[in-house]
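Only the coordinates and a few stated rules stand behind these numbers; no lab work does. Note that this is a predicted model, so its numbers are computed, not measured. Using ideal geometry, Cβ is built from the backbone for each residue, glycine included, and neighbour counts are taken over all protein chains shown.
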Amino acid sequence: MSDTITLTYTVSNEDFTRAGEASSDVKSRLKQMNVDPAVIRKVSIAMYEGEINMVIHAEGGTITVEISSDQITMTLADKGPGIADIDKAMQAGYSTAPDNVRSLGFGAGMGLPNMKKYTDDMQITTKLGVGTTVVMKVYL
């Protein structure tokens, strides 16, 4: 693959019906491109977790996926409350999801830990009251 392919998705807050559509689309495209199934699994899990976090915690945002010959970069940028304590948010089981979201089976506090686990590099930039940007990379 010589050219970079860029895909962009809009994520709406509290839209659990469409949550996961972006990660599913990327998974399908990577399969069509004959990307290693282990890489597809990593990208799919990390992206789904991020997408769900945007649906739960943010007021919407965008996901941009860049697929190049040596890596897949996923940039998730939301408008929302930001993350008050990134270290705490990275702890498995820590969650600020409201009870109504937990009753749907989401908000177990594994989103950010799984995003980090299934990527080769992850950077979080956040500003309280403005939003959060997460950049994740999976190397090919």
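DSSP finds beta bridges in region 5-139, and of those with both partners inside it, around 100 percent are antiparallel.
Each helix, a run of at least 4 DSSP H residues, gives -39500 (n - 2.57); summed and divided by the residues of the chain, these come to -10000 deg cm²/dmol at 222 nm. Using bins of 5 Å that start at zero, the share of Cα-Cα pairs per bin across region 1-78 amounts to 3, 17, 29, 24, 14, 9, 3, 0, in whole %. For the chain, the alpha-carbon coordinates run over 44, 29, 24 Å along the three principal axes, in decreasing order.
The amide H of E59, built 1.01 Å from its N in the peptide plane, has K79, G80 as neighbours under 5 Å, considering only residues 5 or more places off or on other chains. Among the lysines of the chain, pairs that are 8 or more positions apart or on different chains and have alpha carbons within less than 17 Å of each other number 12. Exposed loop sites are taken as GluC sites (Glu not before Pro) in a DSSP loop (any state but H, G, I, E or B) with at most 16 other beta carbon atoms within 10 Å; the longest stretch of the chain without one runs 60-140. The 3J(HN,Hα) values that the Karplus relation (6.51, -1.76, 1.60; θ = phi - 60°) gives for region 23-29 are, in residue order, 5, 5, 5, 5, 4, 4, 5 Hz. Gly and Pro appear as x. Within the listed set T125, T64, T73, the Gaussian network model of the chain (springs between alpha-carbon atoms below 10 Å) gives the highest mean-square fluctuation for T125.
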